[in-house]
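The structure under discussion appears below in the form of structure tokens.
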Ligand SMILES: Cc1ncc(C[n+]2csc(CCOP(=O)(O)OP(=O)(O)O)c2C)c(N)n1
């Protein structure tokens, strides 16, 4: 299946929004953390995992979803959240720990929850696999057409939770799609050193579902295969596993010295940056002009600027709120 012009431009716009959002977050994150890098300092305290380079995965999948469909996302969630359509201002405010954020600033960047578009994520890897099955089961039992997507990294697939959820999805024929972002690294551990098979799509056979591997971080191929899988799920034909080769252009988290990367890897990845590649393809296909794409980029930038200003200007929650709305013994 091929994207229409509108879908193509939507994917480009979401990829650019995510990239611009992270460029500015990256800058602000470093404020107040020098000379000695201390994660607790600055306007954005805590860990920060950037998803730049991985945008095609999010847009190729989420182009087929609506607000009723469910996404459970990862600790590296910005691209997935933006593609699912979460409120950018509330997301920025949550990242800054402000009371106008989705969870009043308690969650931070790994815990973005937007009930309006059924988006959730977690700092616990593979955590979303079970809840995605639950969301899919509820839609199946109510005879609703919705689907659930569980995003996870190639490192997370070695967690038991993934295998238990895959089995249940297969046994109950659930409308769920598992999407593995294969960026080759689980922190500093290579896929080769952590995983018994070269490609996780083969694992689908063990759970009675089809499996696909998509190479080259290609938003068009992702759109195609994900679209078929999501249609299959909506038609009551059950779950699918998709693993996607993607590129983590940044470190695992901000502050990562990335000494584990082979020499030249980063340069090679930047040469394959998916955003300029998609831009060239859109123009070569005659889908839009440079001017059209510049206008999309300007709009993305102004949405991001507005969201960041909203977050900056919002108040921090008072200390006295620390124990409200949380489980406390
Ligand atoms: C259950 C659990 N174990 C360990 C961790 C620590 N941890 C955080 S990210 C990560 C690696 C994840 O790698 P991958 O799933 O490939 O995702 P990526 O970071 O590459 O996006 C680990 C082990 C965790 N968050 N949760």
Selection status of residue 14, closer than 30 Å to residue 134 by Cα and modelled with pLDDT of 95 or more: yes
Only one of 201, 193, 224 that is within 16 Å of the ligand (Cβ to nearest atom), out of contact with any strand residue (DSSP E or B) (no Cβ under 7 Å at 6 or more places or on another chain) and part of a helix (DSSP H, G or I): 193
Residue match in region 6-18 (condition: under 18 Å from residue 252 (Cα atoms) and more than 18 Å from the chain's Cα centre (by Cα)): no
Meets criteria (part of a helix (DSSP H, G or I), touching a residue at least 12 places away in the same chain (Cβ under 8 Å) and either surrounded by 17 or more Cβ atoms within 10 Å (Cβ to Cβ) or touching a helix residue (DSSP H, G or I) at 6+ places or on another chain (Cβ under 9 Å) (or both)) for residue 250: no
Enumeration of residues in region 59-90 that are surrounded by fewer than 24 Cβ atoms within 10 Å (Cβ to Cβ) and more than 16 Å from the ligand (Cβ to nearest atom): 63, 64, 65, 66, 67, 68, 85, 87, 88, 89, 90
Region 105-129: number of residues that are within 15 Å of the ligand (Cβ to nearest atom) and not in a loop (DSSP other than H, G, I, E, B): 2
Single residue of region 19-53 satisfying the filter (surrounded by fewer than 17 Cβ atoms within 10 Å (Cβ to Cβ) and under 19 Å from residue 303 (Cα atoms)) that is farthest from the chain's Cα centre (by Cα): 27
Restricting region 148-190 to residues that are part of a helix (DSSP H, G or I) and near the ligand (Cβ under 9 Å from one of its atoms), the residue that is surrounded by the fewest Cβ atoms within 10 Å (Cβ to Cβ): 158
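The values are calculated or read from the model by the stated rules, or taken from the named source; none is laboratory data. This is a predicted model, so every value here is computed, not measured. Heads up, the Cβs are rebuilt from the backbone with ideal geometry, glycines too, and the neighbour counts pull from every protein chain shown.
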